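Undergrad: Quick one: the structure is below, and I'll ask about it shortly.
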Amino acid sequence: MRIFGCISEKESRYSDSKTPFLPGYNFHERHQSGPIRASAEAILDAVAAYDMRGDPLSNAFMILRELPGKLFSRNKPRKPQAAFGLHTFTPLDRQPDSLTYGLTGRFWRPDMGIIPLRDVHKFFAFNEPGVARLVLHFQLLPAGDDWRLQTETFINCPDNATRLKLLPYWLLIRTASGIIRKRTLSAIQRQLSLP
């Protein structure tokens with residue numbers, strides 16, 4: 001049973017939503033655009049080039065999310081980090097009708113605990129207790145002469161302790177994350193609908 005995007009890993013294995021990059025998942029969200037009249041390649045190129053920071057509301061949500069990390073690290077020396085965005089993710093796969101990214105970390109921590117992974121092989125093989133893996137998947141769905149762009153977010157937690165740490169964070173950020181995804185889809189739809 002799925003409640004607020006939470007699902008048991010066992011149930012996820014029998015769900016109609018799957019990703020080959022995770023053995024199962026504990027959290028899931030799906031959003032879809034309106035019809036887009038453009039080539040599949042142009043749509044996926046627009047996704048790959050999209051800067052979420054260019055949208056004022058999405059940027060505000062991300063600044064708010066980064067704030068605890070900045071406040072808690074004030075007294076600690078640390079390397080300057082680039083603003084969070086799609087470039088933070090590991091590119092996992094591109095097919096003619098889909099694009100997939102991965103992210104690994106302790107997302108509930110103030111600094112998000114991102115663990116950079118170089119490639120799909122490192123992401124696929126990664127299995128560290130206490131660290132969650134997230135897959136962000138963009139899929140094109142035929143809609144007559146047009147396409148609909150669907151995005152799905154899958155998060156896998158390797159153990160119960162990680163699930164329990166991620167659950168309150170997920171419930172807190174789920175709405176903002178959904179708004180960012182929807183605005184991303186709308187922005188791409190608008191961009192490709194311009195004459």
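The values are calculated or read from the model by the stated rules, or taken from the named source; none is laboratory data. In this text the structure is predicted, and so the values were computed from the model without any measurement. Cβ placement follows ideal geometry from the backbone for every residue including glycine, while neighbour counts extend to all protein chains displayed. Surface areas here come from the heavy atoms of the whole protein model, side chains and all, with no ligands, DNA or RNA. Shrake-Rupley method; radii C 1.70, N 1.55, O 1.52, S 1.80 Å.
Undergrad: For the peptides 111-123, 20-32, what is the packing order when you average, over each peptide's residues, the other Cβ atoms within 10 Å and list the highest mean first?
TA: 20-32, 111-123
Undergrad: When only alpha-carbon atoms count, how far does the chain stretch along each of its three principal axes, as whole angstroms with the largest first?
TA: Sorted from largest, the Cα extents of the chain read 52, 39, 31 Å.
Undergrad: Same structure again: Say R0 is 25 Å: what FRET efficiency, to the nearest 0.05, do Arg118 and Asp159 get from their beta-carbon distance?
TA: The value I calculate is 0.55.
Undergrad: What do you get for Rg/Rh over the range 76-178 if you use C-alpha atoms and the Kirkwood form of Rh?
TA: Result: Rg/Rh = 1.01.
Undergrad: Still on this structure, please answer the following. Give me a comma-separated list of calculated 3J(HN,Hα) values for the range 175-190, in order, Karplus coefficients 6.51, -1.76, 1.60 applied at θ = phi - 60°, integers in Hz, x for any Gly or Pro.
TA: 5, 5, 4, x, 5, 4, 4, 5, 5, 4, 4, 5, 5, 5, 4, 5
Undergrad: Cα axis of helix 40-49 to longest principal axis of the chain: angle in degrees, 0 to 90, nearest 10?
TA: Computed tilt is about 30 degrees.
Undergrad: Once you've got the GNM for the chain with C-alpha springs shorter than 10 Å, pick whichever of Leu164, Leu92, Leu103 has the biggest mean-square fluctuation.
TA: Most flexible of the set in this elastic network: Leu164.
Undergrad: Okay, moving on. Can you give the calculated 222 nm mean residue ellipticity of the chain, where each DSSP H run of n ≥ 4 adds -39,500 (n - 2.57) and the sum is split over every residue, rounded to the nearest 500 deg cm²/dmol?
TA: For the chain, the value works out to -12000 deg cm²/dmol.
Undergrad: Another one. Return one whole number: the accessible area per residue of the chain in Å², for a 1.4 Å probe.
TA: 56 Å²
Undergrad: For helix 56-72, report the angle its Cα long axis makes with the longest principal axis of the Cα atoms of the chain; keep it between 0 and 90° and round to the nearest 10°.
TA: Here the helix axis deviates by roughly 10 degrees.
Undergrad: Can you give me the distance in nm between label points at Ile179 and Arg37, each placed 7 Å from the Cα along the Cα-to-Cβ direction?
TA: Once both label points are built, they end up 3.2 nm from each other.
Undergrad: Quick one: pull the percent of accessible area on the chain belonging to carbon and sulfur, 1.4 Å probe, ligands and nucleic acids left out. Before the final figure, lay out each step's value.
TA: On the way: 6400 of 10890 Å².
It is 59 percent, rounded to a whole number.
Undergrad: What ranking, highest mean first, results for peptides 53-59, 95-101 when packing means the other Cβ atoms within 10 Å averaged over each residue? Intermediate values should be presented prior to the final figure.
TA: Values: 53-59: 14.3, 95-101: 16.6.
Final packing ranking: 95-101, 53-59.
Undergrad: If you average the sequence gap of Cα pairs under 8 Å that are 6 or more apart and divide by the length of the chain, what percent do you get for the contact order?
TA: On the way: 301 pairs, mean separation 58.0, N = 195.
Computed over the chain, the figure is 30 percent.
Undergrad: Along its principal axes, what span do the Cα atoms of the range 23-73 show, with the longest given first and each in whole Å?
TA: 45, 33, 17
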